[in-house]
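Down below is the structure, laid out as structure tokens.
The values are calculated or read from the model by the stated rules, or taken from the named source; none is laboratory data. Small disclaimer: the values here were computed from a predicted structure and weren't measured. Because the Cβ atoms are built from the backbone with ideal geometry, glycine has one as well, and the counts that use them run over all protein chains shown. These accessible areas exclude ligands, DNA and RNA; they are computed on the full protein's heavy atoms, side chains included. Shrake-Rupley method; radii C 1.70, N 1.55, O 1.52, S 1.80 Å.
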Amino acid sequence: MNTLLPKLWEKRATAHTRAKTDKGFTLIELLVVVVILGVLIAIAIPLYLNYRKGANDASAQSDMRNAINVLEQCNTDNAKYPTLTFGPTNGTVVTVVPTAPCAALTINLSAGTQFQYTPASVAGVSYMIAANNLNGAGKYYCYNSAKGGQVAAVATATSFATAIC
């Protein structure tokens, strides 16, 4: 029996020494880290996607402001706006205004932006334009040159036909 006791003591001392020098993680610690990372990712991804949708909507508004400048330049040069409807132009980078008197002017569009021009009168004295971005939140933006003002979001619009401002 005396020989058994020192061997048990040796095993216990060796296990105790190994536990003090072991610097690894336990399974519970690793699981806690994985759960924390999963929660953070679950929060971050929807926020990022909403941020991208908002940025795409802002690019559609910016494209509308650019189009207003191009159309006002057309009116300044020719004393009237284009008299034919064009669009919806679907997500092209550059759209040439195809109707006289502004055939040489271009409207630059961001990727995914849809744009439509509608003359408000056959005499070319006013117009309405509408835009949205396919990658955005589904908002339609509208501008009426007869009313002036800012580019406005149309709350009830679900298509270009309903985007009347």
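A compact table of results
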| read-out | value |
| --- | --- |
| FRET efficiency for Thr158 and Val39, using Cβ-Cβ distance with R0 set to 22 Å, rounded to 0.05 | 0.05 |
| Carbon and sulfur %, accessible surface of the stretch 94-165 computed with the full protein complex present, 1.4 Å | 59 |
| Derived scalar couplings ³J(HN,Hα) [the stretch 101-117; Karplus, 6.51 cos²θ - 1.76 cosθ + 1.60; whole Hz; x for Gly, Pro] | x, 10, 5, 8, 8, 10, 10, 7, 10, 6, 4, x, 7, 9, 9, 9, 10 |
| Under the Karplus curve 6.51 cos²θ - 1.76 cosθ + 1.60, θ = phi - 60°, whole-Hz ³J(HN,Hα) for the stretch 126-139, x wherever Gly or Pro sits | 7, 8, 10, 10, 9, 8, 8, 10, 4, 9, x, 8, x, 7 |
| Å² of accessible area per residue within the stretch 45-165, as computed with a 1.4 Å probe and no ligands counted | 52 |
| For Val154, distant residues with modelled amide H under 5 Å away | Tyr140, Tyr141, Cys142 |
| Surface accessible to a 1.4 Å probe, Thr76 within the full protein complex, Å² | 110 |
| Under 5 Å, built H, 5+ apart or other chain: amide partners of Ser110 | none |
